[in-house]
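For reference, the structure discussed in these notes is given below.
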Amino acid sequence: MTDTPNMNRTEVLKVKLEVLRQEHRDLDAAITALQDRGSDQLAVQRLKKKKLGLKDQISKLEDMTTPDIIA
């Protein structure tokens with residue numbers, strides 16, 4: 001049997017957050033490359049929509065990992 005380290009909920013969320021951020025950066029690079037080549041605008045729009053969805057997911061995860069501060 002292999003012993004795998006147990007990660008708490010916050011650590012798991014932080015890993016997911018980093019994965020989403022990397023995917024967001026990759027999409028940004030892909031969009032830029034497509035625009036520079038003057039490629040299909042429909043493909044660019046689809047990637048932008050996916051990128052926006054990732055941004056929403058990132059925001060939700062950031063809210064979950066950031067403690068509430070009472071002002």
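Coordinate-derived values only; no laboratory data. All values derive from a computational prediction rather than experimental measurement. Here Cβ is always computed from backbone atoms with ideal geometry, including for glycine, and neighbour counts include all displayed protein chains.
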**Request:** Could you size up the charge dipole of the chain around its Cα centre, putting +1 on the beta carbon of Lys and Arg and -1 on that of Asp and Glu, and report it in debye to the nearest 20?
**Result:** 320
**Prompt:** For the chain, how big is Rg over Rh, using alpha carbon atoms and the Kirkwood form of Rh?
**Reply:** 1.18
